[in-house]
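The values are calculated or read from the model by the stated rules, or taken from the named source; none is laboratory data. Here the structure is a predicted model, which is why all the values come from computation and not from measurement. Backbone-built Cβ (ideal geometry, glycine too); neighbour counts: all protein chains shown. Surface areas here come from the heavy atoms of the whole protein model, side chains and all, with no ligands, DNA or RNA. Shrake-Rupley method; radii C 1.70, N 1.55, O 1.52, S 1.80 Å.
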Amino acid sequence: MKKNILKNTYILLLYVNRYSPGYIWVMLFVSITAFTGPYSTVLVPKIIVDMLIKQSDIRKILLVIGTMVVANVVRIVTLTIFEERYKPCQQMEIEKGINALLMDKSRVIDLKRYDDPKFRDIYDRAITHANSGVNSFLDAITNLVDRFFYLASVIAIITSLDSCLIIFSLCCMLVLFFFQRIMTSYAYQTDVLVTRDRRRAEYSKKLCYGADYVSDVKILKLEQIFKNEYLEANGKWQDIVRKRSVFRGVLRISDETLRFFILNVVTMIYLVVRIQAGHLSVSSFVVLITATMQLSYELFSFVNSLNSFYRLGIYTEDLVNVLECESEVERIGVGKRLEIIDSLSFVGVSFAYPQKEQFVLKNVNINIFKGQRIAVVGHNGAGKTTLIRLLLRLYDVCEGTITVNNENIQAVELDSYRNQIGVVFQDYHYYAMTIAENVLMRKVEGNEDEELVQWALEKADLWEYVNGLPEKINTILTREFNDKGLNMSGGQSQKLALARVFAQKNKQMLIMDEVSAALDPYSENKINKSVLDFCRDKILIFISHRLSLMKEMDYIYYFEHGEVKEQGTHERLMNENGGYARMYKLQAEAYGDSATDSQ
């Protein structure tokens, strides 16, 4: 653990130096000025007393006092500038840099890691530590170095008077360090044990307070369920803390009792014996008692700083693990750059999610060519969305191979591959930005961008609505930060997600995953025509359990329980009268021929 803390401290200091060059050296310079404390409170009074006894010139005494004043003024001014001006600004830069790096990491971290509750716990502690822990860690290092120089000065003074007292002080420090280290490790173990229950409690609060869930909470009266979940998780959290607090109490009592005995009782007896033996004057006795008590306090402060450094260093391990986390998917996908997609194939592909034994996809074989319109259909849970996740390389296959242009997809540069694909997920989102920014997913940079946004909104059947808004495409979405922000309906937000893809004209493949779920039949029919027109020379992969567009598809793959049970054109599958035909006829009966045959 000690080696890990030192290694992680070194790594974190490299990040600190990246975002705030010079911070470490400034901190060291300020810490060195800590020597003025013992000089003023212990050494100067003794020097003055000795000079008075020797009846030294008053000018020499004033020179000693003046030197003390100058040293303390330098310390006060330096520390004030560092604490009030330099450190806050630099620590904000460091925190900003670390959080920006974590945001970049959120794209790099493989999706499978989010399926692992242990990683989610580590990730939660890392994010928490990044928000305030990095600066706390820097403060701990600063305090540790500051206390070191202060302590070194006190020890030097006491050693010059009676070196034996250092032995008592060191014994006290070892006792303090021993108990504090045990308590620190114990506290971290406690935090590990409560992380899951703490996350459950925070999750329940988010569900109860969050604006996204307020309608369900009110109508379905879910607050009691969420409250019970919160109370249960919080109760388990408290039970763990309560049970483990007894041992911490025993450690603390033992620690403070031993230190009191060594520093107060043993030291006092030793100095009394020295006076009675004639080896120590009464004045030196007073100075040594004062210095020893100060040494006791400084030892306590130093070990506390060391303990804080050790404790925060343990938590730093979680942060460093996330910062240094590498993507297995992206590490593999560093090969040939992809310029065009001519074909895609699934060859004997099987897949199971991490920590799951059951395969979600089993021996899937699919061939897709440029300009084709492919449909992947089936009931909910058939494996359709998982297929898309593999196609996008959010996961890698467990068995078999996915090829692009007859090359293993893992041998192709990942970014260049994904840059060719436009996708609309079924769990689409819009963000607290303008409508135009939500379409482009970047800032608008001129008239061409505005024209592109309008064109994309027209294709998505949303322009008429947006054009009627007072701010048009500059309308802010959500009321997260603006009380005049717009909250879109489910159908409108789905159209916005489609406009986001239409705005990316250069994409060679479009994936639509259950994108018509919130649309009425009229809007669905209109948008389907726009999609087909948009994808005239592109690959279109249409994922759905609604079959209104199937007659326009070149080829259909019908999934059941993760397997391709049927494949072919709409006419062929209808003639086979299998699962696809039954599903199609059932929808025709439910929605009427006009809804199903509109194409």
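Some observations on this one:
- Total residues in segment 407-426 satisfying the condition of being open to solvent by less than 40 Å² (accessible area, probe 1.4 Å) and within 26 Å of Phe534 (Cα to Cα): the figure is 8.
- Criterion (under 33 Å from the mean Cα position of the chain (by Cα), over 26 Å from Thr569 (Cβ atoms) and either surrounded by 15 or more Cβ atoms within 10 Å (Cβ to Cβ) or among the small types (Gly, Ala, Ser) (or both)) met by exactly one of Thr475, Thr386: Thr475
- Members of segment 23-60 that are among the hydroxyl-bearing types (Ser, Thr, Tyr) and open to solvent by less than 60 Å² (accessible area, probe 1.4 Å): Tyr23, Ser31, Thr33, Thr36, Tyr39, Ser40, Ser56
- Residue count, segment 389-412 (criterion: closer than 18 Å to Glu357 by Cα and within 29 Å of the chain's Cα centre (by Cα)): 5
- If you go through segment 490-506 and pick out every residue that is among the hydrophobic types (A, V, I, L, M, F, W, C) and under 10 Å from Asn438 (Cα atoms), you end up with 3.
- All conditions in (1) touching a residue at least 60 places away in the same chain (Cβ under 8 Å); (2) over 20 Å from Ala460 (Cα atoms) hold for Ala497, with the sole exception of (2).
- In this structure, Ser20 qualifies as closer than 18 Å to Thr316 by Cβ, buried (at least 17 other Cβ atoms within 10 Å of the Cβ) and touching a residue at least 12 places away in the same chain (Cβ under 8 Å).
- Filter result for Ser548 (farther than 13 Å from Ile374 by Cβ, touching a residue at least 12 places away in the same chain (Cβ under 8 Å) and crowded, with 17+ Cβ neighbours inside 10 Å): yes
- Selection over segment 139-150 of residues that are more than 28 Å from Lys46 (Cα to Cα) and either of a type in the set (A, V, I, L, M, F, W, C) or open to solvent by 30 Å² or more (accessible area, probe 1.4 Å) (or both) gives a count of 3.
- Of residues in segment 540-559 being touching a Gly at 6+ places or on another chain (Cβ under 8 Å) and modelled with pLDDT of 90 or more, the one farthest from Val376 (Cα to Cα): Tyr555
- Applying the condition of being among the charged types (D, E, K, R) and within 26 Å of Arg418 (Cα to Cα) to segment 515-545 and asking which residue is most open to solvent (accessible area, probe 1.4 Å) yields Arg536.
- Subset of segment 151-182 (residues that are part of a helix (DSSP H, G or I), open to solvent by 30 Å² or more (accessible area, probe 1.4 Å) and within 18 Å of Ala291 (Cα to Cα)): Ala152, Ile155, Ala156, Thr159, Ser160, Leu161, Cys164, Ile167, Phe168, Leu170, Cys171, Met173
- Count of segment 396-406 residues which are open to solvent by 10 Å² or more (accessible area, probe 1.4 Å) and closer than 18 Å to Asn363 by Cα: 7
- Any chance Lys356 is without any contact (Cβ under 8 Å) to a residue 12 or more places away in the chain, among the basic types (Lys, Arg), surrounded by fewer than 16 Cβ atoms within 10 Å (Cβ to Cβ) and closer than 30 Å to Asn482 by Cα: no
- Pairing each residue of segment 451-477 that is more than 16 Å from Gln494 (Cβ to Cβ) and of a type in the set (D, E, K, R) with any residue that is in a helix (DSSP H, G or I) and open to solvent by less than 80 Å² (accessible area, probe 1.4 Å), provided the two are 6+ apart or on different chains, yields C-beta distances under 8 Å for Lys472/Ile435; Lys472/Val466.
- Subset of segment 436-454 [surrounded by 10 or more Cβ atoms within 10 Å (Cβ to Cβ) and part of a helix (DSSP H, G or I)]: Ala436, Glu437, Asn438, Val439, Leu440, Asp449, Glu450, Glu451, Leu452, Val453, Gln454
- Which numbered condition His429 misses (of (1) out of contact with any strand residue (DSSP E or B) (no Cβ under 7 Å at 6 or more places or on another chain); (2) under 27 Å from Gly371 (Cα atoms)): (2)
- Residue in segment 240-266 that is farthest from Cys171 (Cα to Cα), counting only those that are aliphatic (A, V, I, L, M) and in contact (Cβ under 8 Å) with a residue 12 or more places away in the chain: Ile240
- As for segment 96-117, it holds no residue that is over 30 Å from Leu414 (Cβ atoms) and among the acidic types (Asp, Glu).
- Unique residue being of a type in the set (A, V, I, L, M, F, W, C), at pLDDT below 75 and farther than 29 Å from Asp116 by Cβ when the list is Leu338, Leu280: Leu280
- When Leu101, Leu111 are screened for being of a type outside the set (Asp, Glu) and open to solvent by 40 Å² or more (accessible area, probe 1.4 Å), only Leu111 passes.
- The set of residues from segment 504-514 being within 30 Å of the chain's Cα centre (by Cα) and open to solvent by 10 Å² or more (accessible area, probe 1.4 Å) comprises Gln504, Glu514.
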